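These notes concern the structure reproduced below.
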Amino acid sequence: MTATATPETPATPAPAPRHTGRFARLLDAAAPRSTVLMIVGGVLTLVGGYLPWATFVLNEGPYPEKATLNFFVDPFGVTGFRLHLVILGLAAIVVAALRRIPARHRIVRGLGIGATVVALINGLWITVEGGGLGAITASEGSIAFGSIAALLGGLVTVLGASAGGLERKPVWTWKLPWWAEWILLVVLFVIVLLLVAAVLTSGGQGGVVNPYAGVVFLSLLAALGGAFAALNASGLLTWVSVVSERHRTFSVIVLLIVALLLPLTSAGTEYWMTVASNIGVYAATAIGLNIVVGLAGLLDLGYVAFLGIGAFVAANLSGAAASHIGIHLPFVLVMIISSVVAGMFGAIVGSPTLRVRGDYLAIVTLAFGEIFVRSAQNNIGGLTGGANAIPNIPAMGVGDFKFSDSIVIGSLRLPSGVLYYFLIVLLVAAVMLVFAHLKYSRLGRAWIAIREDEDAASAMGIRTGPIKILAFLIGAMLAGLAGAFFAHKTAVVAYDSFRFLESVTLLAAVILGGMGTIPGAVLGASILFVLPEKLREFSDYRLLLFGLALVLIMRFRPQGIVPDRHRKAELTDPDVEDVAKEGPGPLPTRVEP
Amino acid sequence: MSENPETTDGATTTSAAEVVVEAEAPPEEVTAELAEDMHIATGTREPILVSSGVTMQFGGLRALNDVNLSLHEGEIIGLIGPNGAGKTTFFNCLTGLYTPTSGQVVLRGKPMPQDPARVTEAGVARTFQNIRLFPSMTATENVLVGRHVRMKQGPISSLLHGPRFRRSEAEAAERAEKLLAFVGLTRFSEELARNLPYGDQRRLEIARALATDPSVLLLDEPTAGMNAQETEATRQLIFAIRDLGVSVVVIEHDTKFIFTLCDRVLVLVQGELLVEGSPDEVRGDPRVVEAYLGAPPEEVSAQLQTGGAVDGAGTAEGKSE
Ligand SMILES: Nc1ncnc2c1ncn2[C@@H]1O[C@H](COP(=O)(O)OP(=O)(O)O)[C@@H](O)[C@H]1O
Ligand SMILES: [Mg+2]
């Protein structure tokens, strides 16, 4: 037994657990010195952050500010990813040293993983861009061991933390006066807003002129991921979510306001407003898909077709010159019609699929998606413009006022596109409301029951056929609504925005984010639709990277980033806690009263 | 998926004949309240569920041959027979999961619908031999799904969450709470179904079935895999269910359980109804003893008298439902 590790946790009599798995030997050996290892790892990370990372200016110009030669001008003024490393390292040292912190191993592990990934991403990038290892090892007498030190630091931190034995996530039950909790929530939501703006704009606009956008973005994401994991391990995130659950309405309102304030942050330019609006479109669509896949458990591989149907209907009804229909209805009406038409198609696609389950259903929906794309490509009925698309769709507007205008209030000038952004925020909020209301209702429970066990559901009196069609119908309606918005916002609708890849990406967004949850779908959609923007530099490898990321996430977090239920299950009273185990596992034996 | 911890101890623990086990019956006031809420009993003397000549043919296999049953209100009928006798198949025929090759099922004078959902709506609920809960839903939510057919809440109402919605949700939640108290699962109400101990999963399935306000409840091996105490508790529970006004048909291997529970017992062997009668009649019937096992009559007879599990009860059959 590695009983020598017990002095670390004098309060608990249980000896440190013996490790199992592939790294058992290593972890067992490291266990007695886990605290020291964590601190050493933190220090290494810190040092790595301060060391230079490249000895020359990279081919495309200086890489994130002071990673290269600038270092000599201002050696300790770290910014960008090096600052992140310094923060992660410092945090790891502090948490590792304070033995009173519950779940400190788990927290430090999160920080360590973050540092490792940040070091890896930037180190690899500099190596590739600088033309080989020369960029990170000694060259011409100057030392550039930054990435190696930081990577090592991150790994040692993770090793130390894992060896020390990962604790259960602590549960905090603090209750503050209501006004204090309100203030806390407001502050937190504003921080979230600033973080979202920072992530969105990090690295700037991707493309040929700015080849570093992708790496800077990924690196920031990794750093935030590490911080997020640490906070989550500390139980604080769960506590915050309990607090916000306590003030549900208040939280929702603040969140909505905060979302509407995005144009006032660094993301308040036309470009970022467009990116944010596109994310909104996909988020709304993903939530719709989440009804079909996440709640009702019906695998739909052609879902983006409904977004397309909504978009083409809107394009044809809005007075675009290329449309043969040639009528121009008010945009509110257009959105409703688009949604209804898409919903009808949803029901039509849904009905033949009732007789098929699982894999077969996926094939049927896949075929439908293909039929839609081919029809649109061939301009069937002259409704889709074929390869020419339908261009010049007029902006939404009321009278002379157009949504694409910029607005000026006093000295405040909001960029053009900001109104579209506001509209999509409201639209996404509405879609979320629909989802949340349906999920916690008779209908939502029927969907989930069908997902869990269709035969048992019908034995409970659920008429599975109509209920499944309803899932297709409502999901498609939401997508159609998003499609109508999309048509107006981008002003062009072309068939190739709605191909199989988009369906898969949407599905990935739902699964990645966490099936059946709203934040999951939004987060998934954001990540998956921002990444391509940022990774233009890698457009050749984009899908490869994308696939790789998905595989990794599914390997290490199969329940998605924001899992459903588990939180709730973890929060039940401590007596039950013994019985409740996270994730599906063998059923526990009976607890005698 | 997870391995089922179901052991074979259901068979071994109960075979110790005269063990006296104590188990709590559902609290009386809960039973009374529920009976009032559900008010199922109509006081009719007519049989409420009648099957006549039900025959089920699977290709060359005749799983059921001319099975007749009539269930009266407030009655508990036991259905026993060796593995593969067709008991589960009979339940499937009653509940619309299978369409009988011939014969008919009548519920309160009307032909039974041929669709599981409509059967439940008409007032016949069931549990499954291999537990089929909704594993990722909480115990309460499982019971709420059972309320589906009785809730007055359309899709629009679900969407808008208006006052009508709130009323129907509150009613359903109240009923779910009572039902969980009735089966003794209050402490697990917010627990995910898959995390419940095995025996409690079976009880939850019963609560879920009761949530549909059934007039007939079909229980497929409700004590499989349970220890003596749990089995006794289940017996009490079924009595309490009868007191709610629900008529019950129970499939079980444990003959002691069946003989002390049921008003009438039916023995099914190779798809044929062999014997029907009171527990005492069935217990003493030599045909049962012989056909039931094909084993030397004296041994089996002894076993039947003391009331043990006769054919390796509790071993999972793994049959498709
Ligand atoms: N869907 C089916 N298709 C073919 N054979 C079936 C089907 N369901 C049950 N059977 C057969 O019917 C017989 C009775 O099975 P079952 O009703 O499960 O027995 P019991 O519940 O009495 O143990 C078995 O031989 C079984 O293999
Ligand atoms: Mg059976």
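For this structure, a couple of remarks:
- Residue in the range B:89-103 that is more than 13 Å from ligand 1 (Cβ to nearest atom), away from chain A (no Cβ under 14 Å), open to solvent by 20 Å² or more (accessible area, probe 1.4 Å) and in contact with a Ser or Thr (Cβ under 6 Å, 6 or more places away or on another chain) present: yes
- Checked against the criterion of being within 13 Å of ligand 1 (Cβ to nearest atom), among the small types (G, A, S) and in contact (Cβ under 8 Å) with a residue 12 or more places away in the chain, the candidates B:A122, B:A85 yield just one match: B:A85.
- The condition (being within 15 Å of the chain's Cα centre (by Cα) and open to solvent by 30 Å² or more (accessible area, probe 1.4 Å)) is satisfied by just one residue among A:V504, A:V522, A:V510, A:V492: A:V522.
Residue by residue, here is whether (1) out of contact with any Cys (no Cβ under 6 Å at 6 or more places or on another chain); (2) open to solvent by less than 60 Å² (accessible area, probe 1.4 Å); (3) at pLDDT 85 or above holds:
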position: A:A3; (1), (2), (3): yes, yes, no
position: A:F23; (1), (2), (3): yes, no, no
position: A:L46; (1), (2), (3): yes, yes, yes
position: A:P75; (1), (2), (3): yes, yes, no
position: A:R82; (1), (2), (3): yes, yes, yes
position: A:A96; (1), (2), (3): yes, yes, yes
position: A:I113; (1), (2), (3): yes, no, yes
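- Single match in A:R590, A:R536 (criterion: buried (at least 16 other Cβ atoms within 10 Å of the Cβ), at pLDDT below 75 and away from chain B (no Cβ under 11 Å)): A:R536
- Of the residues making up the range A:170-182, none is of a type in the set (F, W, Y), buried (at least 18 other Cβ atoms within 10 Å of the Cβ) and over 20 Å from the mean Cα position of the chain (by Cα).
- Residue in the range B:125-140 that is without any contact (Cβ under 8 Å) to a residue 40 or more places away in the chain and either in a loop (DSSP other than H, G, I, E, B) or within 9 Å of another protein chain (Cβ to nearest Cβ) (or both) present: no
- When the range B:210-235 is limited to residues that are of a type in the set (D, E, K, R) and away from every other protein chain (no Cβ under 14 Å), the one that is farthest from ligand 2 (Cβ to nearest atom) turns out to be B:E232.
- For the residues A:S375, A:S404, the requirement of being part of a loop (DSSP other than H, G, I, E, B) and either surrounded by 12 or more Cβ atoms within 10 Å (Cβ to Cβ) or among the hydrophobic types (A, V, I, L, M, F, W, C) (or both) singles out A:S404.
- For the range B:106-121, a residue qualifies if it is under 22 Å from A:A457 (Cα atoms), more than 9 Å from every other protein chain (Cβ to nearest Cβ) and surrounded by fewer than 22 Cβ atoms within 10 Å (Cβ to Cβ), and the qualifying residues are B:L107, B:P113, B:Q114.
- For the range A:258-353, the helices (runs of 4 or more DSSP H) that sit wholly inside it and include 2 or more residues that are under 30 Å from A:S411 (Cβ atoms) and over 18 Å from the mean Cα position of the chain (by Cα) are A:270-289.
- Search result, residues across the range B:170-195 that are part of a loop (DSSP other than H, G, I, E, B) and within 8 Å of chain A (Cβ to nearest Cβ): B:E190, B:E191
- Candidates A:G483, A:G465, A:G514 - the one that is in contact with a Leu (Cβ under 6 Å, 6 or more places away or on another chain), in contact (Cβ under 8 Å) with a residue 12 or more places away in the chain, within 14 Å of another protein chain (Cβ to nearest Cβ) and not polar (S, T, N, Q): A:G465
- Filter pass, B:T31 being assigned to a helix (DSSP H, G or I) and modelled with pLDDT under 75: no
- All positions within the range B:36-74 that are surrounded by fewer than 17 Cβ atoms within 10 Å (Cβ to Cβ), modelled with pLDDT of 85 or more and small (G, A, S): B:S52, B:G53, B:G59, B:G60, B:S70
- The range A:392-401, residues that are open to solvent by 20 Å² or more (accessible area, probe 1.4 Å) and closer than 13 Å to A:L317 by Cα: A:N392, A:P394, A:A395
- Positions within the range B:78-104 being within 16 Å of ligand 2 (Cβ to nearest atom) and not in a loop (DSSP other than H, G, I, E, B), in sequence order: B:G78, B:L79, B:I80, B:K87, B:T88, B:T89, B:F90, B:F91, B:N92, B:C93, B:L94
- Any hit, the range B:57-65, residues being farther than 28 Å from B:R203 by Cα, among the aliphatic types (A, V, I, L, M) and within 13 Å of ligand 2 (Cβ to nearest atom): yes
- Which listed residue, of B:L159, B:L144, is more than 29 Å from B:I48 (Cα to Cα) and either within 11 Å of chain A (Cβ to nearest Cβ) or open to solvent by 40 Å² or more (accessible area, probe 1.4 Å) (or both): B:L159
- Note on the range B:215-232: residues that are touching a helix residue (DSSP H, G or I) at 6+ places or on another chain (Cβ under 8 Å) and more than 16 Å from ligand 1 (Cβ to nearest atom) total 6.
- Conditions (1) at the interface with another protein chain (Cβ under 9 Å from one of its Cβ atoms); (2) of a type in the set (V, I, T); (3) over 22 Å from A:D564 (Cβ atoms); (4) open to solvent by less than 20 Å² (accessible area, probe 1.4 Å): number failed by B:I206: (1)
- Per-region count, the range A:152-194, residues part of a helix (DSSP H, G or I) and in contact (Cβ under 8 Å) with a residue 40 or more places away in the chain: 24
- Considering B:I251, B:I238, B:I258, the condition of being under 17 Å from the mean Cα position of the chain (by Cα) and away from ligand 2 (no atom under 16 Å from the Cβ) is satisfied by B:I238 alone.
- Lone qualifier among A:A449, A:A476, A:A457, A:A471 - being at the interface with chain B (Cβ under 9 Å from one of its Cβ atoms), crowded, with 24+ Cβ neighbours inside 10 Å and in contact with a Phe, Trp or Tyr (Cβ under 7 Å, 6 or more places away or on another chain): A:A449
- Yes/no for B:V119 being more than 13 Å from ligand 2 (Cβ to nearest atom) and out of contact with any Gly (no Cβ under 9 Å at 6 or more places or on another chain): no
- Residue count for the range B:69-104 satisfying the condition of being out of contact with any helix residue (DSSP H, G or I) (no Cβ under 9 Å at 6 or more places or on another chain) and among the acidic types (D, E): 1.
- Residues in the range B:216-230 that are of a type in the set (S, T, N, Q) and surrounded by 24 or more Cβ atoms within 10 Å (Cβ to Cβ): B:T223 alone.
The values are calculated or read from the model by the stated rules, or taken from the named source; none is laboratory data. Here the structure is a predicted model, which means the values were calculated and not measured. Glycine gets a Cβ as well: all are built from the backbone with ideal geometry, and neighbour counts include every protein chain shown. Keep in mind that these areas ignore ligands, DNA and RNA; they rest on the heavy atoms of the full protein, side chains included. Shrake-Rupley method; radii C 1.70, N 1.55, O 1.52, S 1.80 Å.
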